[in-house]
Amino acid sequence: MVGAGGIGGYFGGRLAAAGHDVRFVARGRHLEALRRDGLTVDGPAGPGGDAPGGFSVPASALRATDDPAAIGPVDFVLLGVKTWQLPAALPLLKPLVEDGTGVLTTQNGVEAPAEVAEAVGRDAVLPGSAKIITYLSGPGRIHHVGGLGSLTFGEWDDRPSARVEALRGALDEAGVTAVVPKDIWAELWSKFVFVAAAGGLGAVTDAPFGAVRSRPGTRRLLADAMTEIQRVARAAGTVLPDDIVTTTLDFVDRQPAEGTTSLQRDLAAGLPSELEAWTGAVVRLGGSHGVPTPVNGFLYQVLGLREARAAEQRAAEQRAAERRTEGNAA
């Protein structure tokens, strides 16, 4: 598990609890907690709503390190970092990958598999998607907010393979829903239609799902942003269902009215975000394939300015902290 936060911690914890040999690549206080106390996953309420879910894995059943070279080649790597963290994570993969190793990508968006393939080769990459809402709530602790807790993945060219079946079997044993679709790229793009459009518009309006979907004007903008992504997907070689916009809007309608995307929350908090991998990717891929993306283009420019200003603020705060440290040392 490269990235032992919400995604890697949850799925890695499930596999470890089922008795599989799982290694976690972590750092800092999280690594110390995993080694000392093990992993605790706090879950949502059970089916009756009267009992919390969750599970724990004792430290004795965990193997955690900050040095991938100490682990060596493995059967599978689950890459659980966000898209903006990929440049720092990719060098960690080299000592873990040998012939036959499968590197499962879980990043939201459609460009991460190609980025990972540049580092480890396309044959190693299993494009994938995680359907779950989790986050690192503290050192050694993952909070599972909701979602099925499933992993969707497959070979790059969708061919059947022994390693895909082996991974599906291990996940099934761990109680994780493993889905191997006929077309993994259609799955990634279908999710992308939702996250990029809802994330971009929600962030620009600073409004939750309920507000965006209930106003005729913003609902129309949401549909237009989704339609642009559908057209980009087709130009890029992935044909989505004709009713993808309708079914995705139906999905938005089923979300909690107060719900938001991680992109919206990160931008609101002034944190690094996945803007480039979501809205930015729509605009870039649209441009490279000659597909106009005016709605997503507008969202990207507005949010890009916000992210740039937040980055400047973080840099200024970092410089101020360094000056204080230098002053105290003097």
Checklist outcome for this item: Among (1) among the β-branched types (Val, Ile, Thr); (2) under 18 Å from residue 294 (Cβ atoms); (3) touching a residue at least 24 places away in the same chain (Cβ under 8 Å), residue 261 falls short only on (2)
Next on the checklist: Out of everything in the range 191-206 that is of a type outside the set (S, T, N, Q) and open to solvent by 20 Å² or more (accessible area, probe 1.4 Å), what residue ends up being nearest to residue 107 (Cα to Cα)?
Outcome noted: 191
Next on the checklist: Condition first: modelled with pLDDT of 95 or more and among the β-branched types (Val, Ile, Thr). Now tell me which residues in the range 85-140 satisfy that.
Outcome noted: 97, 101, 103, 105, 106, 110, 116, 120, 125
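Out of 281, 311, 233, which single residue is modelled with pLDDT under 95, assigned to a helix (DSSP H, G or I) and within 25 Å of residue 84 (Cβ to Cβ)?
Values: 281 fails: modelled with pLDDT under 95; 233 fails: modelled with pLDDT under 95.
Every option except 311 fails the conditions.
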Next on the checklist: Quick test for you: out of 188, 201, pick the one residue that is assigned to a helix (DSSP H, G or I), of a type in the set (A, V, I, L, M) and closer than 19 Å to residue 131 by Cβ.
Outcome noted: 188
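Yes/no matrix, rows are residues, columns are (1) over 19 Å from the mean Cα position of the chain (by Cα); (2) within 20 Å of residue 110 (Cβ to Cβ); (3) open to solvent by 10 Å² or more (accessible area, probe 1.4 Å):
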site: 215; (1), (2), (3): yes, no, yes
site: 229; (1), (2), (3): no, yes, no
site: 254; (1), (2), (3): yes, no, yes
site: 286; (1), (2), (3): yes, yes, no
site: 293; (1), (2), (3): yes, yes, yes
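Filter the range 142-185 for residues that are outside any strand (DSSP E or B) and either under 15 Å from the mean Cα position of the chain (by Cα) or aromatic (Phe, Trp, Tyr) (or both) and give the result. Walk me through it before giving the result.
Looking only at the range 142-185, we keep the residues that are outside any strand (DSSP E or B), and these are 154-176, 180-185.
Residues satisfying the conditions are 156, 185.
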Checklist outcome for this item: Conditions (1) part of a loop (DSSP other than H, G, I, E, B); (2) surrounded by 18 or more Cβ atoms within 10 Å (Cβ to Cβ) -> residue 225 fails only (1)
Item to check | Odd one out for residue 243 among (1) modelled with pLDDT of 95 or more; (2) surrounded by fewer than 20 Cβ atoms within 10 Å (Cβ to Cβ); (3) under 25 Å from residue 302 (Cβ atoms); (4) not aliphatic (A, V, I, L, M) | outcome: (3)
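Could you pull out every one of the helices (runs of 4 or more DSSP H) wholly within the range 3-99 that has 2 or more residues that are open to solvent by 30 Å² or more (accessible area, probe 1.4 Å) and under 29 Å from residue 311 (Cβ atoms)?
Values: elements: 6-17, 28-37, 86-89.
So the answer is 28-37, 86-89.
The values are calculated or read from the model by the stated rules, or taken from the named source; none is laboratory data. What you see is a predicted model, and the numbers here were worked out from it, not measured in a lab. Virtual Cβ from ideal backbone geometry, glycine too; neighbours counted across all protein chains shown. What goes into the accessible areas is simple: the full protein's heavy atoms, side chains included, and nothing from ligands, DNA or RNA. Shrake-Rupley method; radii C 1.70, N 1.55, O 1.52, S 1.80 Å.
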